[in-house]
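First up is the structure itself, then whatever we jot down about it.
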Amino acid sequence: MATTNPWVRVGKVPFGKGVFARQVISKGTEIGIVQGKVIDDPEYSSTYCIDLGNCLSLEPRTPFRYLNHRCEPNCALHTRDVEFEDGSPAPSEVFVEALVDIPPGTELTIDYQWSAEGAIKCLCGADACRGWVVALEELPKLQKKVKKPKMAKSPKASEKTAKPKSPKPR
């Protein structure tokens, strides 16, 4: 069942689908609640699932199922505590918030912040791209695992000056 959201639409991107702004979205706007199926299984993993903690994952429905990663995102996922009608604790509610003003037609992106164990090469194209889909604090762990090729020194060498659930390591 597709969920309609007045702020966003799903559209095509070179590698699949993405979420795009239908209208101007101001910084700080709560764009929508990420709805889907809550799964109580510490081993569960999928392309789209979001880690809720305490062995719970959220398998999101459209449109937010298609939020793509960017090392310089324009949105973030947040959680808040909720209760069932009887007052007992329910799984956390996940919502999308705009980090900056977003013009119409712009793709909404989040930083996946994966662990080093689940990291994959990043192709986001951001100026501050980390090169890997990984949490900034996990980047040093990943860099230790990747051997850097030795390069010839040149006198004119220039210098290069970042939570969905990460997939299971293969």
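Of note:
- About the centre of its Cα atoms, region 32-78 shows a dipole size close to 280 debye [charges on the beta carbon of Lys, Arg (+1) and Asp, Glu (-1) only; nearest 20 debye].
- Spin-label model, Lys121 to Leu99: label points 7 Å out along the Cα-to-beta-carbon direction sit 2.4 nm apart.
The numbers here are math on the coordinates, done by the rules we state, and not lab data. Everything numeric in this text was worked out from a predicted model, so none of it was measured. Note that we place each Cβ from the backbone using ideal geometry, even for glycine, and neighbour counts take in every protein chain shown.
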